[in-house]
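The next block holds one structure in the form of structure tokens; read it before the comments.
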Amino acid sequence: MNQAPRISVAIADRQTSVVVDRGRLRRAVRAALAGSPVGQARISLALVDDPTIARLNHRYLRHAGPTDVLSFLLDEGPGRLEAEVVVSGETARREAPRYGETPHDELLLYVVHGVLHLAGYDDRSAAGRARMSARQQAVLKQIRGST
């Protein structure tokens, strides 16, 4: 008998640009991990402002300026992982109109994208981008349809 995945999601909201639906974000994390080999996960989701994510982006990736999402794998083993996903509410608010999205849906995209990286998806090649994009869209459709 298969055991349901045990996925805990802790959310720290340290930004004021986007009002968040914590339940929706938790569902997005779980949906992004569904179908992956991960059966147990502890995900910390940090919602921050641009200066905070810019500092992290520089410190860990040596990239200048803010970015949309950073994923940090803290620990992993067979079928389990512990990680942190950091997303910028300010970036979501700024970029949403460019893509015809609401800031909340743009932030949701960042969360899903970051978690998919943790689940093993990679967007550094054309094939990887296509695979990741297809999964990302499926998860977003599922989450948007459930609210």
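Data table
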{"read-out": "Degrees between helix 22-33 axis and first principal axis of the chain (Cα, 0 to 90, nearest 10)", "value": "50"}
{"read-out": "Inter-site label distance for Arg94 and His63 at 7 Å from Cα along Cβ, in nm", "value": "1.3"}
{"read-out": "Kirkwood Rh in Å, taken over the chain so that all alpha-carbon pairs contribute", "value": "15.4"}
{"read-out": "Potential lengthening between Ser44 and Asp13 on full extension [0.36 nm per residue; Cα-Cα distance subtracted]", "value": "10.1 nm"}
{"read-out": "Segments 86-93, 61-68, 22-29, 121-128 sorted - mean Cβ within 10 Å per residue, highest first", "value": "86-93, 22-29, 61-68, 121-128"}
{"read-out": "Average Cα contact separation per residue, the chain, under 8 Å, 6 or more apart, as relative contact order %", "value": "25"}
{"read-out": "Shape call, segment 31-116: gyration tensor on alpha carbons, a/c limit 1.5", "value": "oblate"}
{"read-out": "Part-to-part distance (alpha-carbon centres) for segment 8-73 and segment 86-147, which is given in Å", "value": "11"}
{"read-out": "Beta bridges by DSSP in segment 6-145, antiparallel share as percent, to the nearest 5", "value": "30"}
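Taken together, the values in this text are just the output of simple stated rules run on the coordinates, not laboratory data. On a predicted model such as this, the values are computed, not experimentally measured, just so you know. A quick note on method: Cβ atoms are made from the backbone with ideal geometry, for glycine too, and the neighbour counts reach across all protein chains shown.
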